[in-house]
Amino acid sequence: QVRLVESGGGLVQPGGSLRLSCAASRSISSIMVMGWYRQAPGKERESVAAITTGAATVYADSVKGRFTISRDNAKNTVYLQMNSLKPEDTAVYYCMVRTLSQTYWGQGTQVTVSS
(Lines give C-alpha, C1' and ligand atoms only; values in the text may rest on other atoms or scores of the structure.)
Protein backbone atom coordinates (compact mmCIF):
# COMPACT_ATOMS: atom_id res chain seq x y z
CA GLN A 1 0.00 0.00 0.00
CA VAL A 2 1.13 3.53 -0.68
CA ARG A 3 2.44 5.39 2.34
CA LEU A 4 1.86 8.96 3.47
CA VAL A 5 4.75 10.10 5.65
CA GLU A 6 3.73 12.46 8.45
CA SER A 7 5.97 14.48 10.75
CA GLY A 8 5.93 17.48 13.06
CA GLY A 9 3.85 16.32 16.01
CA GLY A 10 4.92 16.69 19.60
CA LEU A 11 4.28 18.30 22.96
CA VAL A 12 3.61 22.02 23.09
CA GLN A 13 2.33 24.45 25.71
CA PRO A 14 -0.98 26.27 25.28
CA GLY A 15 -0.53 29.21 22.94
CA GLY A 16 2.36 27.54 21.17
CA SER A 17 2.73 26.45 17.57
CA LEU A 18 3.46 23.32 15.60
CA ARG A 19 3.81 22.63 11.89
CA LEU A 20 2.73 19.26 10.56
CA SER A 21 3.81 17.92 7.20
CA CYS A 22 2.67 15.01 5.08
CA ALA A 23 4.60 13.83 2.04
CA ALA A 24 2.69 11.73 -0.46
CA SER A 25 4.33 9.19 -2.75
CA ARG A 26 5.23 10.57 -6.15
CA SER A 27 3.33 7.67 -7.68
CA ILE A 28 0.01 9.00 -6.42
CA SER A 29 -1.94 10.62 -9.22
CA SER A 30 -5.31 12.24 -9.77
CA ILE A 31 -5.35 13.82 -6.32
CA MET A 32 -8.65 15.52 -5.58
CA VAL A 33 -8.25 16.55 -1.95
CA MET A 34 -5.45 16.71 0.59
CA GLY A 35 -6.31 17.33 4.19
CA TRP A 36 -5.96 16.75 7.89
CA TYR A 37 -8.17 14.91 10.34
CA ARG A 38 -7.76 14.40 14.06
CA GLN A 39 -8.99 11.97 16.66
CA ALA A 40 -8.94 12.66 20.38
CA PRO A 41 -9.25 9.91 23.00
CA GLY A 42 -12.84 8.71 23.18
CA LYS A 43 -13.85 10.85 20.21
CA GLU A 44 -14.59 10.12 16.58
CA ARG A 45 -12.24 11.25 13.87
CA GLU A 46 -13.10 14.73 12.64
CA SER A 47 -12.07 16.87 9.72
CA VAL A 48 -9.71 19.73 10.57
CA ALA A 49 -8.74 21.28 7.25
CA ALA A 50 -8.65 20.41 3.57
CA ILE A 51 -7.31 21.82 0.34
CA THR A 52 -8.73 20.92 -3.06
CA THR A 53 -7.18 20.53 -6.47
CA GLY A 54 -8.32 24.07 -7.17
CA ALA A 55 -6.45 25.26 -4.06
CA ALA A 56 -9.65 26.13 -2.23
CA THR A 57 -9.38 25.62 1.53
CA VAL A 58 -11.90 24.51 4.13
CA TYR A 59 -11.49 24.66 7.91
CA ALA A 60 -13.39 23.38 10.88
CA ASP A 61 -14.93 26.21 12.86
CA SER A 62 -12.91 25.19 15.90
CA VAL A 63 -9.58 25.90 14.17
CA LYS A 64 -10.51 28.72 11.81
CA GLY A 65 -8.17 31.66 12.24
CA ARG A 66 -5.58 29.58 14.08
CA PHE A 67 -4.65 26.83 11.61
CA THR A 68 -3.49 27.21 8.02
CA ILE A 69 -3.34 24.43 5.46
CA SER A 70 -1.00 24.71 2.49
CA ARG A 71 0.66 22.54 -0.09
CA ASP A 72 3.86 22.29 -2.08
CA ASN A 73 3.13 20.65 -5.40
CA ALA A 74 6.80 20.24 -6.25
CA LYS A 75 7.31 18.17 -3.10
CA ASN A 76 3.89 16.49 -3.22
CA THR A 77 3.46 17.62 0.37
CA VAL A 78 0.67 19.15 2.45
CA TYR A 79 1.27 21.17 5.61
CA LEU A 80 -0.76 22.25 8.60
CA GLN A 81 0.51 25.29 10.48
CA MET A 82 -1.08 25.30 13.93
CA ASN A 83 -0.89 28.48 15.99
CA SER A 84 -2.43 29.51 19.31
CA LEU A 85 -2.81 25.88 20.26
CA LYS A 86 -5.31 24.93 22.94
CA PRO A 87 -5.59 21.81 25.12
CA GLU A 88 -8.69 20.84 23.14
CA ASP A 89 -6.44 20.48 20.08
CA THR A 90 -4.79 17.46 21.67
CA ALA A 91 -5.31 14.50 19.35
CA VAL A 92 -3.70 12.19 16.87
CA TYR A 93 -3.56 14.03 13.56
CA TYR A 94 -3.93 12.09 10.33
CA CYS A 95 -3.02 13.19 6.85
CA MET A 96 -5.55 12.28 4.16
CA VAL A 97 -5.18 12.15 0.40
CA ARG A 98 -8.17 11.41 -1.82
CA THR A 99 -7.72 10.42 -5.44
CA LEU A 100 -10.23 9.48 -8.09
CA SER A 101 -10.01 5.85 -7.03
CA GLN A 102 -8.96 5.67 -3.39
CA THR A 103 -8.51 7.47 -0.09
CA TYR A 104 -5.15 7.18 1.64
CA TRP A 105 -4.35 7.82 5.30
CA GLY A 106 -1.13 8.62 7.07
CA GLN A 107 0.01 6.74 10.14
CA GLY A 108 -0.96 9.57 12.47
CA THR A 109 1.16 11.92 14.55
CA GLN A 110 0.46 12.80 18.17
CA VAL A 111 -0.13 16.43 19.11
CA THR A 112 -0.34 17.15 22.83
CA VAL A 113 -1.11 20.64 24.12
CA SER A 114 -0.48 20.87 27.84
CA SER A 115 1.28 23.03 30.38
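Within region 55-66, identify whether any single residue is without any contact (Cβ under 8 Å) to a residue 24 or more places away in the chain, more than 12 Å from the chain's Cα centre (by Cα), within 14 Å of Tyr94 (Cα to Cα) and open to solvent by 60 Å² or more (accessible area, probe 1.4 Å), and answer yes or no.
no
Confirm whether Ser47 is in contact with a strand residue (DSSP E or B) (Cβ under 6 Å, 6 or more places away or on another chain), closer than 14 Å to Ala91 by Cα and either open to solvent by less than 70 Å² (accessible area, probe 1.4 Å) or not in a loop (DSSP other than H, G, I, E, B) (or both).
yes
Since Arg19 meets every condition but one in (1) closer than 19 Å to Thr112 by Cα; (2) among the basic types (Lys, Arg); (3) open to solvent by less than 80 Å² (accessible area, probe 1.4 Å), which condition does it not meet?
Answer for Arg19: the failing condition is (3).
Could you list all residues from region 26-44 that are polar (S, T, N, Q) and loosely packed, with under 13 Cβ neighbours inside 10 Å?
Ser27, Ser29, Ser30 - these are the residues of region 26-44 that are polar (S, T, N, Q) and loosely packed, with under 13 Cβ neighbours inside 10 Å.
I'd like the full set of residues that are crowded, with 17+ Cβ neighbours inside 10 Å, over 14 Å from the mean Cα position of the chain (by Cα) and of a type in the set (Val, Ile, Thr), limited to region 72-115.
Val113, the sole residue that qualifies.
Against the conditions (1) touching a helix residue (DSSP H, G or I) at 6+ places or on another chain (Cβ under 7 Å); (2) open to solvent by less than 40 Å² (accessible area, probe 1.4 Å), where does Pro14 fall short? Just the number, please.
(2)
The values are calculated or read from the model by the stated rules, or taken from the named source; none is laboratory data. Since this is a predicted model, take the numbers as computed values, not measurements. In this analysis, Cβ positions are derived from the backbone assuming ideal geometry, glycine residues included, and neighbour counts consider all displayed protein chains. Note: areas computed on protein heavy atoms with side chains; ligands, DNA, RNA excluded. Shrake-Rupley method; radii C 1.70, N 1.55, O 1.52, S 1.80 Å.
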